[in-house]
1. Inside the stretch 75-106, can you point out the residues that are under 21 Å from HIS40 (Cα atoms) and surrounded by 15 or more Cβ atoms within 10 Å (Cβ to Cβ)?
2. Pick out, from the stretch 1-93, the helices (runs of 4 or more DSSP H) lying fully within it that include 3 or more residues that are over 20 Å from ALA106 (Cβ atoms).
3. What residue, of ALA25, ALA84, is under 14 Å from the mean Cα position of the chain (by Cα) and touching a residue at least 12 places away in the same chain (Cβ under 8 Å)?
4. Go through the stretch 59-74 and give me each residue that's under 11 Å from the mean Cα position of the chain (by Cα), loosely packed, with under 15 Cβ neighbours inside 10 Å and of a type in the set (D, E, K, R).
Amino acid sequence: MTTAAIGTGGVPPMPEKTPKALRAAIAQHAPKLLVDFDRHWRRDIADAYDLAPVPAFMARWWGEYALARDPRLETKVHCLEDDADREPDFDRAKAMIEEAGRLRRAAGKAEPGQ
C-alpha cells in the first residue's frame with residue numbers, strides 16, 4: 001500500500017492498484033467492506049484459472065473503496081440514492097440517481113496516492 005499520509009480533509013489516499021494493497025486499505029480505512037470484498041474474491045477470483053475477471057473485480061472494489069474512504073461523499077451518495085427511492089416524481093428521482101452515479105464514477109477515477 002502507498003505510504004502517503006492521509007489526504008485532504010482526513011481522507012486516506014488511494015493505495016497501489018493491486019488487490020493486496022486495496023484489501024489492506026479496505027481493512028484499515030473501510031473495514032465494513034472487508035467481508036464482502038473477501039467473499040467476492042473467494043467466489044470469483046481466488047481459485048480461478050482465468051484471470052479475465054480480475055480487472056472487473058478491481059474496478060468494482062476500487063470504486064467502492066474510493067467512496068467509502070470519504071465519509072462525507074459516501075453519505076451524500078447514499079442520501080441521493082435513498083431520496084430517489086422515496087421520490088414520487090420520476091424526473092426528480094432520475095436526476096438524483098444520475099447525480100449519485102456521477103459522484104460514484106468520479107470517486108472511482110481516483111489514482112493511487114490521491
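1. Taking the stretch 75-106 first, the residues under 21 Å from HIS40 (Cα atoms) are 104-105.
ARG104, the sole residue that qualifies.
2. Numbers: elements: 19-29, 34-44, 54-68, 71-86.
Hits in the stretch 1-93: 19-29, 34-44.
3. On the way: ALA84 fails: under 14 Å from the mean Cα position of the chain (by Cα).
Answer to the check: ALA25.
4. ARG60
None of the figures in this text is laboratory data; all of them are computed from the coordinates on show. Every value quoted in this text rests on a predicted model; they were computed, and no experiment measured them. Please note: Cβ atoms are built from the backbone with ideal geometry, for glycine as well, and neighbour counts cover all protein chains shown.
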